[in-house]
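What follows is a short report on a single structure.
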Amino acid sequence: MLTILDPLWEPWTLEFMQRALAAACLASVVAAVVGCYVVLRGMAFLGDAIPHATFSGVAAAFLLGGNLYVGGTLAALATALLIGLLGRRGVLKHDTAVGTVFVAAFALGVLLASRRSTYTVDLFAFVFGNVLAVGWEDVWLMAAVGGLVLALVFLFWKELLIVSYDPTMASALGVPVELAQMGMLALVALTTVIALKAVGIVLVVALLVTPAATGQLLARSLAGMMAVAVVAGLVSSLTGLYVAYYADVSPSAAIVLVATGIFALALAGTRLRARATARRGLPAEAPTPGPKP
């Protein structure tokens, strides 16, 4: 006998949906945490650049018959390192370094991939994402890399916090700012690799930026911002998979669009609250989250 809860439970009776949910939630949590630093540092362009740059490593591994994740990881880390080196000490402006490196790396990936006639089929999942195709080995790999990223974030919490808000003060306090910034780039690179299978190269930036932007609207501290971002990411993953299952659409696109919808609701709620506060003649709250002095 059917019950009202059967449609909610039905997708999770299938093993591929269980794997998809585990992978999407892992990617969402890690991307939400690291994405907060991306948003606070104004590095959204970087969040788009590194995923595209990983395509060169994925294509090289594909051409050589190697592990695509390893290839993507090496390319992501190399890109982050090169961007950091070019952007330090005024060699190039940060956005110029990002644009130059990621376009070259992505073009290299296209060139390498075009050497094989079947590349459009075999690399489709890495470009657009196919979380329904992940295996348990992929899930465990994502869990291991994600655990490492989260451990590094919380181990160097204070250093990353102060560098994100005030690099000048961080330097005065003896924090190795350049090393911290390079480490932040490496965290973005590793997070990109985790999210590749879930949403693909094209949509990774949305997973990094959108939940974090929602957290920025609703929270007044970095910890609160991360908490809201994680919840938004998890809700997006769960709801997006439901939509994909019942509407027979791309799960990657569904997850991203749900995350965007949550952001739109948060933005609308923030605007309405600000207008209501203004009408009552009360001082508006500061819109930017951060540690209170």
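Structure notes:
- E15/N67 FRET efficiency (R0 30 Å; Cβ-Cβ; nearest 0.05): 0.80
- Label separation (T260 vs A223): 3.4 nm, computed from points 7 Å beyond Cα along the C-beta direction.
- The convex hull around the C-alpha trace of segment 152-289, projected and averaged over every direction, spans 10.2 square nanometres.
- Accessible surface, per residue, of the chain when the full set of protein chains is kept, probe 1.4 Å, Å²: 49 Å²
- The chain - Rg and Dmax from Cα coordinates, angstrom: 19.9, 69
- For the chain, complete DSSP H runs whose alpha carbons reach 15 Å or more along their own long axis and whose mean Kyte-Doolittle score is 0.0 or higher are 15-40, 44-64, 68-87, 94-113, 136-155, 177-218, 222-247, 251-279.
- Mean Cα-pair separation over length for the chain, i.e. relative contact order, pairs under 8 Å, 6 or more apart, %: 27 percent
- Among 169-177, 46-54, 5-13, 71-79, sorting by the average number of other beta carbon atoms lying within 10 angstrom of each residue, highest first, gives 46-54, 71-79, 169-177, 5-13.
- Every helix of 4 or more DSSP H residues in the chain counts as -39500 (n - 2.57), and over all residues that averages to -27000 deg cm²/dmol at 222 nm.
- Gain on full stretching of the segment that runs from E178 to D248 - 0.36 nm per residue minus C-alpha separation: 20.6 nm
The values are calculated or read from the model by the stated rules, or taken from the named source; none is laboratory data. Note that the structure is predicted; figures quoted are calculated from it, not measured. Ideal geometry is used to build each Cβ from the backbone, glycine not excepted, and the neighbour counts take in all protein chains shown. Note: areas computed on protein heavy atoms with side chains; ligands, DNA, RNA excluded. Shrake-Rupley method; radii C 1.70, N 1.55, O 1.52, S 1.80 Å.
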